[in-house]
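Following: one structure in structure tokens, then a few remarks.
Values in this text are rule-based calculations from the coordinates and carry no lab data. Note that this is a predicted model, so its numbers are computed, not measured. Positions of Cβ are backbone-derived with ideal geometry, glycine not excepted, and every protein chain shown enters the neighbour counts.
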Amino acid sequence: MNRVGGVAMRGKLINTKTRDAARSATVQGSQESWLQGEGEMADKEQSIPPLERGHALIAHRVFPGQSNTNGTLFGGEALRWMDEAAGIAAGRCARKAVVTAAMDRVEFHVPIMSGALVETIARVTKIGRTSMQVIAEVWTEDLFNGERTLATSANFVMVAVDDDGRPTPVETE
Ligand SMILES: CC(C)(COP(=O)(O)OP(=O)(O)OC[C@H]1O[C@@H](n2cnc3c(N)ncnc32)[C@H](O)[C@@H]1OP(=O)(O)O)[C@@H](O)C(=O)NCCC(=O)NCCS
């Protein structure tokens, strides 16, 4: 496992040291490992659902209309993509409607240039009674050489809800 992949797999907070590695590393393969649930997080957390239950991957190109006055991606767009991916991952996990209850540890590690190819990935890392913890990350990818860099990350709590919008249990089987 490479270093940046380890950051993602730990699925917690990306400290300064690893964040710096994320800024410069070539990370081909790390996302695949992360999505396969390998690594420390998968070893330690028994409640991590299998890959087919609780992941999402969305690819985008950054358009000028999504950029700020610096010519880089507006942070709110990245939040929207991560929220969307987290909702898909949690919805797949619960097979129920979900809402976002909380979002924290939002970190913008590197700017994303207008025109960039980005992938937003999310994975459920823990299932509670009605809630699910989800890690979401936005990665940039150099279209020509495949080099990937972790740009943005956040942790989410998504809650399964019934038709009345009230929390409803997530079945673990
Ligand atoms: C999320 C929501 C359904 C929770 O309803 P609630 O009556 O407060 O629910 P509860 O207190 O019973 O909590 C339900 C679960 O959510 C978790 N939860 C609720 N708020 C949370 C928060 N701020 N942080 C972390 N977890 C939270 C609880 O720990 C609990 O988890 P568990 O069942 O796995 O133990 C409700 O607050 C809501 O509808 N919020 C608005 C959601 C929304 O509009 N999101 C944006 C658009 S999707």
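The slack in the chain from Thr69 to Phe144, taken as 0.36 nm per residue of separation less the alpha-carbon distance, amounts to 24.4 nm.
Of Thr168, Thr100, the sequence from fewest to most neighbouring Cβ atoms within 10 angstrom is Thr100, Thr168. Put simply, the amide H of Ala101, placed in the peptide plane, has neighbours under 5 Å in Val157, Met158, Val159, leaving out anything fewer than 5 places away on its chain.
In this calculation the C-beta distance from Arg61 to Phe108 is compared with R0 = 25 Å, giving a FRET efficiency of 0.85. A simple rule links phi to the HN-Hα coupling: the Karplus curve 6.51 cos²θ - 1.76 cosθ + 1.60 with θ = phi - 60°, which for the range 110-121 gives 9, x, 10, 6, 4, x, 5, 8, 10, 10, 9, 10 Hz, with x for Gly and Pro. When you count the other C-beta atoms within 10 angstrom of each residue and take the mean per peptide, 90-96, 111-117 line up highest first as 90-96, 111-117.
Between Ala116 and Val62, the built amide H atoms are under 5 Å apart, and every one of these is 5 or more places off in sequence or on another chain.
Three principal axis extents describe the C-alpha atoms of the range 47-161; from largest down they are 43, 27, 20 Å.
Exposure proxy ranking for Val124, Val62, Val157, based on other Cβ atoms within 10 angstrom of each Cβ and starting from the fewest, stands as Val157, Val62, Val124. 3J(HN,Hα) couplings calculated from phi for the range 140-147 with the Karplus curve 6.51 cos²θ - 1.76 cosθ + 1.60 (θ = phi - 60°) are, in sequence order, 9, 9, 6, 4, 8, 10, x, 5 Hz; Gly and Pro show x. Using a simple spin-label model with pseudo-atoms 7 Å out from Cα toward Cβ, Asp164 and Val99 lie 1.3 nm apart. When Ile88, Ile127, Ile135 are sorted by how many other C-beta atoms sit within 10 angstrom of their C-beta, beginning with the fewest, the order is Ile88, Ile127, Ile135. Using C-alpha pairs under 8 Å with a sequence gap of at least 6, the mean separation divided by the residue count of the range 47-161 gives a relative contact order of 33 percent. Computed from phi, the 3J(HN,Hα) profile of the range 94-107 under the Karplus parametrisation 6.51, -1.76, 1.60 (θ = phi - 60°) reads 7, 6, 9, 5, 9, 10, 7, 8, 7, 9, 8, 6, 6, 10 Hz, with x in place of Gly and Pro. Under 5 Å between amide hydrogens, which residues at least 5 positions from Thr168 or on another chain qualify, with H placed 1.01 Å from N in the peptide plane? Here the answer is Ala160, Val161, Asp162, since their amide H atoms fall under 5 Å of that of Thr168. In a DSSP loop and with at most 14 other Cβ atoms within 10 Å, the chymotrypsin sites (Phe, Trp or Tyr not before Pro) in the range 68-164 are Phe144.
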